[in-house]
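Notes for the one structure printed next.
The values are calculated or read from the model by the stated rules, or taken from the named source; none is laboratory data. Since this is a predicted model, take the numbers as computed values, not measurements. Neighbour counts are summed over all protein chains in view; Cβ atoms, including those assigned to glycine, are modelled from backbone coordinates with ideal geometry.
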Amino acid sequence: DTGVSQNPRHKITKRGQNVTFRCDPISEHNRLYWYRQTLGQGPEFLTYFQNEAQLEKSRLLSDRFSAERPKGSFSTLEIQRTEQGDSAMYLCASSQGDRGQKDTQYFGPGTRLTVL
Amino acid sequence: GQNIDQPTEMTATEGAIVQINCTYQTSGFNGLFWYQQHAGEAPTFLSYNVLDGLEEKGRFSSFLSRSKGYSYLLLKELQMKDSASYLCVGGRDDKIIFGKGTRLHILP
């Protein structure tokens with residue numbers, strides 16, 4: 001399977017703990033995106049990378065959140081001192097990064113985080 | 001602004017046709033995507049419109065009018081597996097902005 005993969009698929013943690021999620025994009029894709037989705041809402045943009053460079057971060061991404069893509073391949077999203085409001089599905093997507101009109105993003109299965 | 005509006009829920013009957021409308025108030029979008037999302041799963045790409053008009057792909061068609069800020073997704077010959085949320089998504093060069101989605105219920 002050459003699609004986007006995410007690990008773990010589910011994570012249950014206690015408030016105050018740190019968690020880290022991993023995303024492996026489609027291999028030839030230059031761009032990698034992180035989103036957060038809560039029940040009944042569409043995905044909300046968090047941040048994205050062009051290769052290893054983090055080009056934009058949403059205001060939703062507080063200082064407890066950090067994302068890296070050190071070698072321009074896989075990415076990690078870390079949440080420090082988790083809060084109950086962090087409970088959500090965290091989605092990763094990748095795209096080729098074409099400068100043309102169409103740059104379709106393909107999504108991974110997501111990591112569902114539950115903070116108790 | 002970048003508001004994307006679509007109905008929260010719709011219900012249709014198996015075998016029928018349904019049209020899901022989307023309106024947006026934005027500048028800077030250079031295309032309009034539709035994604036399908038089954039409960040608990042990731043969104044999957046359905047269609048992309050960059051020019052005005054209708055794009056047909058099997059049972060699904062998508063329409064865009066840029067001057068009106070309007071798009072629709074047309075689903076024909078509905079099947080039970082089409083029960084899902086359908087997300088209208090505005091695209092810029094490097095980002096996409098999701099609407100809240102329309103939850104489509106299919107009745108037998």
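Observations on the model:
- Within the stretch B:11-51, considering residues that are of a type in the set (A, V, I, L, M, F, W, C) and under 12 Å from B:Y72 (Cβ atoms), the one farthest from the other protein chains (Cβ to nearest Cβ): B:I17
- Qualifying residue in the stretch A:50-64 (condition: at pLDDT 90 or above, within 11 Å of another protein chain (Cβ to nearest Cβ), surrounded by 13 or more Cβ atoms within 10 Å (Cβ to Cβ) and more than 14 Å from B:A42 (Cβ to Cβ)): yes
- Residues (hydrophobic (A, V, I, L, M, F, W, C) and closer than 28 Å to A:Q84 by Cβ) located in the stretch A:26-48: A:L32, A:W34, A:L39, A:F45, A:L46
A quick yes/no check of all residues on (1) basic (K, R); (2) more than 9 Å from every other protein chain (Cβ to nearest Cβ); (3) in contact (Cβ under 8 Å) with a residue 60 or more places away in the chain:
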position: B:G53; (1), (2), (3): no, yes, no
position: B:Y86; (1), (2), (3): no, yes, yes
position: B:G91; (1), (2), (3): no, no, yes
position: B:I96; (1), (2), (3): no, no, yes
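- The residues of the stretch B:78-91 that are in contact with a Phe, Trp or Tyr (Cβ under 6 Å, 6 or more places away or on another chain) and either under 16 Å from A:R36 (Cβ atoms) or outside any strand (DSSP E or B) (or both), listed by number, are B:L87, B:V89.
- Only one of the listed residues (B:A84, B:A39, B:A16) is aliphatic (A, V, I, L, M) and in contact with a His (Cβ under 8 Å, 6 or more places away or on another chain). That residue is B:A84.
- Residues of the stretch A:105-112 include none that is more than 11 Å from every other protein chain (Cβ to nearest Cβ) and touching a Phe, Trp or Tyr at 6+ places or on another chain (Cβ under 8 Å).
- All positions within the stretch B:27-38 that are modelled with pLDDT of 90 or more and surrounded by fewer than 20 Cβ atoms within 10 Å (Cβ to Cβ): B:H38
- The number of residues in the stretch B:9-51 being free of Cβ contacts under 8 Å to residues at least 24 places away in the same chain and assigned to a loop (DSSP other than H, G, I, E, B) comes to 6.
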